[in-house]
Structures are given as C-alpha cells and as structure tokens.
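Okay, structure first, notes after.
We did not get these values from a lab; they are worked out from the coordinates using the rules stated. A quick note: this is a predicted structure, and the numbers were derived from the prediction, not measured. Ideal geometry is used to build each Cβ from the backbone, glycine not excepted, and the neighbour counts take in all protein chains shown.
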Amino acid sequence: MKLLLIEDDIDAAELLVSRFRADGDDITHAEDGAAGLQLARQGGFDVLIVDRMMPKLDGLELVRQLRQDDSDTPVLFLTALGSVSDRVGGLQAGGDDYLVKPFAYAELRARLEALARRNASNADTQLTLEDLTLDVVSRRVRRGDVEIDLKAREFLLLEYLLRHKNQIVTRAMLLENVWQYGFDTQTNVIDVHISRLRAKLDKDFETPLLNTVRGEGFVLGTGPEKSGASA
Amino acid sequence: MTRLFKVSSFRAVLLYLALFLASAGLAGSFLYNQIDASITATGDNLVWRDAAMMSQSYQRGGVAGLRQAVQQQSQVNPDAVYLLADSLGQYLAGNLSAFPTPAQTSVAAEGWQVIEQSAGKVRARLLRLDDDVILLIGRDLTAQQAAMGQIRQAFFGALALLVVLGLLGGAVMARQSLARVEKINRSLRPIMAGDFSARIDSGGAQDELADLESQINAMLSRIEKLMAEMREVTDNLAHDLRSPLTRLRGRLDAMRADTTAPQAVADSLADIDQLLGVFSSILALSKLDSGLAEQTHQPVDVVALVDDVVELYEAAFDEAGWQVDYQAPRNGVPVMVEGDAPLLAQAMINLLENALAYGASDKAALRVSVAAQGADVAISVADSGAGVPEAELAHIRQRFVRLDDARSAPGNGLGLSLVDAICRHHGGRLELSPRQPSGLQADIILAQRK
C-alpha cells in the first residue's frame, strides 16, 4: 500500500512508519497538518492516515479542504477522541474510517487494507469466492450446489466478509460494520457468531473458507496476498 | 385553579384580601351602628318634644285639651304614634287603637320600648301625666329601617365588588409572576439538559425578578466557562495521557510481532490494555457524571435496541451452556425512550457481560425482559448465578468495587458504575436486587417517551 501518515506525535509516527516499512508498504510521514495537506494534494496515495488534533491545521479541517478539492482518497482518522459525536464529526468531514488511540497495529493495518481495496467491490450485488456465491438482491447464498440458509445477521456478516475477501477483518470492524456498535468487547461474542457461520459454510466441504488469524481477526478466503508480520 | 393557589403572589393577594375584608367589615359595622344610633336619637328628640307639647296641652286644657291635641297631631304627623287612654286603659284618642300586648313589646334602654306591629316597628314610651290618663307616645321606625336596609345593602354590595376585584387582581398578578417564573424555568430547561450556553432573557424588566435573572445568568456564564475549561482539561488529559500509552503499546506490539519475543511482552501488552481500558472507562464515567457528555438524545426504540444486543450475545450465552429467555412486548406499539442509543446499548452490554462473567452456575439461565410499567420502561437482565450478598448490593455499583470472588476474573470494577452513570445520564436509575432462588437481577429504569 502507498500510505501517507499525517501525525504530529513523532515517536508514535516513527514506530508506525518502521512497522509499515517492515511489512513492505510505501509510507510517507508529514509532521503537521499543513505539510500533510500539501503532500495529500499531490495525490497518488492509496489511503491517508490523519491524526485529528494537530498544530497548524487540524485533521478535520485538512480532510474538509481535501474533499473540496474533489480528492476521494480514502481517509482513516487516528485520534484520542473517542466519543460517538467525535466519530460522527470525523465521518461527516469526509473521513472513511475512525480508529481511536490506542490501537493495535494489526487493527490499523486491517482497516487500511479494507479502505485501500474498498473501491473495487462496493457496488457489486453478486459476491463470489471460489465456489461460494452470495446474491445481495435475492438474498441467496450457495456453495457449490448447496443452498445455504442464513439468518439475517449471518447474511450481513457473510456479505461484509465477502466484500473484504482475502483480507483480515478484525472483531472491532465486524462489530462496527455488521452490528453498528462503535466499541470493543471483552468477550468472545464475535468468535461465536463466526464459528456458527463457519459451521454453515464449511461443514461439508474440504477446503475451509472462513479462517481465524490468531490475535488479529478473520479471513474469508486465502488471506492477504502479502502476508504481514502476524503473530 | 389549583396551580393558581400554588403561586405565592396569589396567596399573598388572598391573605391581604381576607385581612382587608375583616377590617372593612369591622369599620362598616361600627359606622352602621353609629348611624343607626344617631337616627334613633334624632327620632327620640322628636318624641320628647312631642311629649313636652302634650304635657303643656294637658296642663292648659286638661284631658279634653290633651285629647284634642292628640287628635290634631295624629293627623298632621303621620310618623308619630299616639294612644291616649284612661287609668283603666280604655281608648280615648290616638292613631293606635289598643295597648300592645307584652308579647309585642320589647324593652329598650332608658324607658323606651319597641313595639312590633303588623304595620311595622314603633319606638315609644309611656307618659303618665297623672293618675287619670296614660299617653303612649312614639314614632314609626319603618322609614329608619328602610334607610338602614339600604345602607346595609350598599355596604355588602361594595364588599362583594371588592372581593371580585381583589380576586381578579390577584389572579392577574399571579399570572404575571407565573409567566415570569415559567420563562425562567423554560430558559433553565435546556441548561439542565446540558446546553450551558442558554441564558434567561429578562426582557428589559427592572424588578427583583430581573435581579434574580441576571444573577442566574452570571452564574450560568461562570458554569459554562468552568465546563469549557474542564472539557479542555479532559480532552487534553485524554490526548496527553493516551499518547505515551499508545506509543508504549505500539512498541510492545511491535516487539510481540517478533516470534522470539518472550512471554513477558505479551503479558505487558495485556496489562497496558487493561490500564487503557480503566482509563477510558474513568474518562467516560467522569464525562457522564459531570454532565460533560453531549446530550445527543433522540427517540430510541427500546425493544429494537435490546433485540440487537440480545441477538449479538445470545450465541455466546448459548455456547457457554446458558438457557436464554427473552421477553419483550410485541403488540405493535413501540416502547420509546428519549436517549443516546449507543450509550444505552453499552449499558445493556455491560450487564450481559457481567452476567456471562459472574452469573454462571450449573444450570445457568439468563432472563432478559423489556416491560412498560406505567410511565417507565424497565429493562431487566437477570442471571441464576451465586448472586450478590444483600450487604454488598449497595456497593457493587460504586467505582472499582469488586467482590472478592471476582477479583481473579478479568474486569476493572467499573462496568456497573458505568451502567449506573448511563442510567442517571438519562434521568433513570439502575436497580439491583437478588433473584429467587439465586442470582442477580439488574433493572434499568427509564422514563417512557410521551
């Protein structure tokens, strides 16, 4: 991925930069909002990572100005402000995702991958992975010749996973996007839903489609082409 | 009307009116008696003059002269009453045919008597000129009584008018001060709801209420300033404390990525996550408790909200071997509250996670219910675990309070505090009670949206 990190906390930024570089990503760091906006305007980035509270130009304003320039590069806000209205404000300003500090690197990376590849599959109504197909309109799911009967939420879960196939999807991403809850949970609720879905999808088939990535999340499919430094 | 009685100015007017009526009544009756006495005295003087004249007639012309004088006067003076009789009481002359019976007579002061006749009242006295003749001489009271009646009527009429005007004036005054107070209340309502920028508009009045209003406004400005400062402090605190923690977490996270990292790194990471969890819970709690939390209240369908949370957690309870029973009204009438849906969902989730973590037993059962109870909505989460000793029930919602049995389990002792704060933030309450035969029941009580 080609990333631009706009973050005034130098230490935190250096740490992130070194980790993304270790994973083979091309990441540029801007130390304040003004410099960040200038770089972002030159374009060519897959995703922008923007801190909200910064000197000179704060993150919200930066993204607002960028969107006025008709730039549609996906933006992920990084912030210490975690309230619901902060989140809504960030998304209204033109952000595409919102991650509250502190976060796990794996969480950030998964979200960035989702944003970087998002554009491809958003409008599709027929989602497939190998022999699995999901029709958003008729709400039918088949694997091979077998029709799979899913509950409403299981359908949403599978749809989200299919839209992000071969990517790591974290528990928080699922909570946010499938259940619309903006907070983390200490318990294994998501794992239980995943294992029930897995039982329906993979029960009678040799190749499992829905896999768990320990310490990070889940992958529908074979996993990221470029394997990160997963635990 | 009952509302009117509650207004202090109206009560003051009523009290004043009562006092005024009492003193006016006192003064009125004094005046009335004075007038009555004065008219009576004038009449008495006339009778005395008459008596003196009759006495002269008797001295000059004897019984015959007296008789003539009585006859004459009876015709000339229609108000005068005479009865001339001999020593046996036989009628000789006058416009009264016979002496009144004792039943018709009542004795007044100084030898006067009042005689009740069918024609009206008469005030008279007996004049014994010598042993031969008796003269009853007096005056008809009909005119006086009519005059006094009119005075009485005028007086009571005036009093009635006063009562009506007083009540009306009181009501107007009460309404006016009620309107002012209502205006202050209206202005304070958004402030109570968290908007500290609202002010009372005194509308240019220059009275004691306007003074009060400007005092309240000054107080509000101060509160607003303090709130803004506090918000800034918490935001900065959040930023400044989280940043180094985030970096620390990042470094440990990076170290753990190395597969040869010692277990201590993973453990430290878990500790930091615990620390950060406590930190954000405290921040959320203080925001809620200080009223700093934004009031983004909207109509929330309670059943839909609980449906979603139960749907998310049912599988986890199921997997852990729990029996789950969920009851909610589904008669087509939505149960609505005014609130912050994500916060309410958070409260529900905390209760469910508490039950899952601490409420387990051999035959674990979870009962979740939504019920409209009059003006309230009760959302109940009950487990069938060991429950909480009665003595501890009051404490477990306090911050950082953990029961001894739970100390080894994950958690930070802020879950119930947060639920409690969320309930209070919504103007509701959290009730904790033991469940029979064992277990803990937690009820979130919220006001139904009208």
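What is the projected area of the convex hull of the Cα atoms of the protein assembly as shown, averaged over all directions, in nm²?
About 52.9 nm², averaged over all directions.
Run lengths n ≥ 4 of DSSP H only: what is the helix-derived mean residue ellipticity at 222 nm for chain A, with -39500 (n - 2.57) per run over all residues, to the nearest 500?
About -11500 deg cm²/dmol.
On a 0 to 90° scale, report how tilted helix B:263-289 is relative to the longest principal axis of chain B, with both axes built from alpha carbons and the result rounded to the nearest 10.
10
Along each of its three principal axes, how wide is the spread of alpha-carbon positions in segment B:351-447, in whole angstrom units, largest first?
39, 29, 22
With the alpha-carbon atoms as the only input, what is the per residue convex hull volume for segment B:2-148 in Å³?
Each residue corresponds to 142 Å³ of Cα convex hull volume.
Can you put B:I137, B:I282, A:I10 in order, fewest other beta carbons within 10 Å first?
The order, fewest Cβ neighbours first, is A:I10, B:I282, B:I137.
Calculate the length of the line joining the C-alpha centroid of segment B:8-60 to that of segment B:229-272, in whole Å.
Centre-to-centre distance over Cα atoms comes out at 99 Å.
Quick one: Debye curve from the alpha-carbon atoms of segment B:208-289 only, equal weights, vacuum; give me log10 I(q)/I(0) at q = 0.15 Å⁻¹ to two decimals.
-0.69
Just to confirm a number: summing +1 for Lys and Arg and -1 for Asp and Glu over residues other than A:K203 whose beta-carbon lies under 13 angstrom from that of A:K203, what do you get?
0
Just counting partner chain Cβ atoms within 10 Å, what average do the residues of peptide A:14-21 show around their Cβ?
Mean shielding count: 2.
Share of antiparallel DSSP beta bridges in chain A, in percent to the nearest 5?
Counting DSSP beta bridges with both partners in chain A, the antiparallel share is about 50 percent.
Summing Lys, Arg as +1 and Asp, Glu as -1, what charge do residues with Cβ under 12 Å from the Cβ of B:G321 carry, B:G321 excluded?
Around B:G321, the surrounding residues sum to -2.
5 Å is the cut-off here: which amide hydrogens, built 1.01 Å from N in the peptide plane, fall below it relative to A:F77, excluding neighbours closer than 5 in sequence?
Counting only residues 5 or more places away or on other chains, the set is A:V50, A:D96, A:D97, A:Y98, A:L99.
Which order do A:V84, B:V163, B:V233 fall in if you start with the one that has the fewest other Cβ atoms within 10 Å?
Going from least to most buried by this count: B:V233, B:V163, A:V84.
Taking A:K165 as the anchor, which lysines have their alpha carbon closer than 16 Å to its alpha carbon, excluding any fewer than eight residues away along the same chain?
Of all the lysines, those that pass the test against A:K165 - Cα under 16 Å, at least 8 places apart if same chain - are A:K226.
Can you work out the FRET efficiency for the pair A:K2 and B:K6, with r the C-beta to C-beta distance and R0 = 56 Å, to the nearest 0.05?
Efficiency for this residue pair is about 0.20.
Roughly speaking, what is the stretch gain from B:F30 to B:Y91, that is 0.36 nm per residue apart minus the C-alpha to C-alpha distance, in nm to one decimal?
Computed gain between B:F30 and B:Y91 is 17.8 nm.
Return the inverse of the average 1/r over all pairs of distinct C-alpha atoms in chain B, which is the Kirkwood hydrodynamic radius, in Å to one decimal.
31.9
If you build a Gaussian network model of chain B, linking Cα atoms that sit under 10 Å apart, which residue out of B:L237, B:L418, B:L127 swings the most?
B:L127
Using the count of nearby Cβ atoms within 10 Å as a rough guide to exposure, how do A:W179, B:W48 rank from fewest to most?
B:W48, A:W179
Run down the aspartates and glutamates and flag those whose C-alpha is under 18 Å from the C-alpha of B:K450, throwing out any fewer than 8 positions away in its chain.
Within the straight-line cut-off, B:K450 pairs with B:D301, B:E338, B:D340, B:D376.
As a test of the definition: which semi-axes, in Å, follow for chain A when you take the square root of five times each eigenvalue of its alpha carbon gyration tensor? Largest first, please.
33, 18, 17
Which entries of B:K183/B:K225; A:K151/A:K203; A:K203/B:K363; B:K225/B:K287 have Cα-Cα distances beyond 20 Å here?
Result: B:K183/B:K225; A:K203/B:K363 exceed 20 Å.
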